[in-house]
Amino acid sequence: MSPSPARPCTAFAGTRLLRRGPLADVALAVKAATEAGESVLVFDDATGRLIDLDLRGSDPEILARLDAPSAPDATEPKAPGKGRGRPKLGVVAREVTLLPRHWDWLAAQPSGASATLRRLVDEARRRGAPQQQRRSAQTAAYHFMQALAGDLPGYEEATRALFADDRAGLEQTTAGWPPDVRDHAIHLAFDAVNEPEAD
């Protein structure tokens, strides 16, 4: 599935920041830059991964393709036809393997096993959210750095500082990098965590 037109992205022409913003705006800036002969890479700010854009046609055609829903993934199971009984409501039945003492505890819960498991998962997700956001930010910065800064001096030291959650160390080891690359890596690693996510 491709990112939505509102997804925050960043385009680089070489090591120069070309445009940052919603994918739709970035795509049009990339089209203009490539028509002027520049080589441009586009990164998804949430993942740090490269995005491949179809820039054929006019600006409205490009935007229409971004707005079009993606084709369904061939690996996803097809939804069964509408049948009798309760509606599915997005519920997916999967097997869970537990020890007998876990099943005994679940059976004793007043809300039932499924509701109790859902509540426990939701609580664990809430408790782990800040750590997960940090990991996601580090991973996004790592993917970006790997693609655009892998050959720059101090790359390995910068990677170590990134995963040590050492902003000062990352700033120091990237001081000799092109300013836009350095600033975007630091932005993804530390600043983008606090920005609301689009989609």
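The values are calculated or read from the model by the stated rules, or taken from the named source; none is laboratory data. All values reported here derive from a predicted model rather than from experimental measurement. No Cβ is skipped: glycine too gets one built from the backbone with ideal geometry, and neighbour counts run over all protein chains shown.
Brief remarks on what is shown
- Checked against (1) over 29 Å from Val40 (Cβ atoms); (2) surrounded by 14 or more Cβ atoms within 10 Å (Cβ to Cβ); (3) more than 21 Å from the chain's Cα centre (by Cα), Ala108 passes all but condition (2).
- When region 168-185 is filtered for residues that are more than 10 Å from Tyr142 (Cα to Cα) and under 21 Å from the mean Cα position of the chain (by Cα), the ones remaining, listed by number, are Asp180, Val181, Arg182, Asp183, His184.
- Filtered by the rule that a residue be surrounded by 15 or more Cβ atoms within 10 Å (Cβ to Cβ) and not in a helix (DSSP H, G or I), region 167-176 gives a lone residue, Thr174.
- Subset of region 129-144 [in contact with a Ser or Thr (Cβ under 7 Å, 6 or more places away or on another chain) and of a type outside the set (Gly, Ala, Ser)]: Tyr142, His143
- Selected residue (criterion: nearest to Phe12 (Cα to Cα)) from residues of region 34-64 that are among the β-branched types (Val, Ile, Thr) and part of a loop (DSSP other than H, G, I, E, B): Ile51
- Within region 114-157, the set of residues being part of a helix (DSSP H, G or I), over 21 Å from the mean Cα position of the chain (by Cα) and surrounded by 14 or more Cβ atoms within 10 Å (Cβ to Cβ) comprises Thr116, Leu117, Tyr155, Glu157.
- Condition check for Leu55: touching a helix residue (DSSP H, G or I) at 6+ places or on another chain (Cβ under 9 Å), modelled with pLDDT under 95, among the hydrophobic types (A, V, I, L, M, F, W, C) and not assigned by TED's automatic domain parsing to the domain that holds Ala185: yes
- Neighbours by Cβ (under 7 Å, 6+ apart or cross-chain): first from region 118-133, in contact (Cβ under 8 Å) with a residue 60 or more places away in the chain; second surrounded by 10 or more Cβ atoms within 10 Å (Cβ to Cβ) and among the β-branched types (Val, Ile, Thr): Gln133/Val193
- Residue within region 107-128 that is closer than 24 Å to Thr10 by Cα, modelled with pLDDT of 85 or more and hydroxyl-bearing (Ser, Thr, Tyr) present: no
- Pairs meeting the criteria (first residue in region 46-69 and more than 30 Å from Gln146 (Cα to Cα), second residue among the aliphatic types (A, V, I, L, M), beta carbons under 8 Å, at least 6 apart or on different chains) are Asp59/Leu28.
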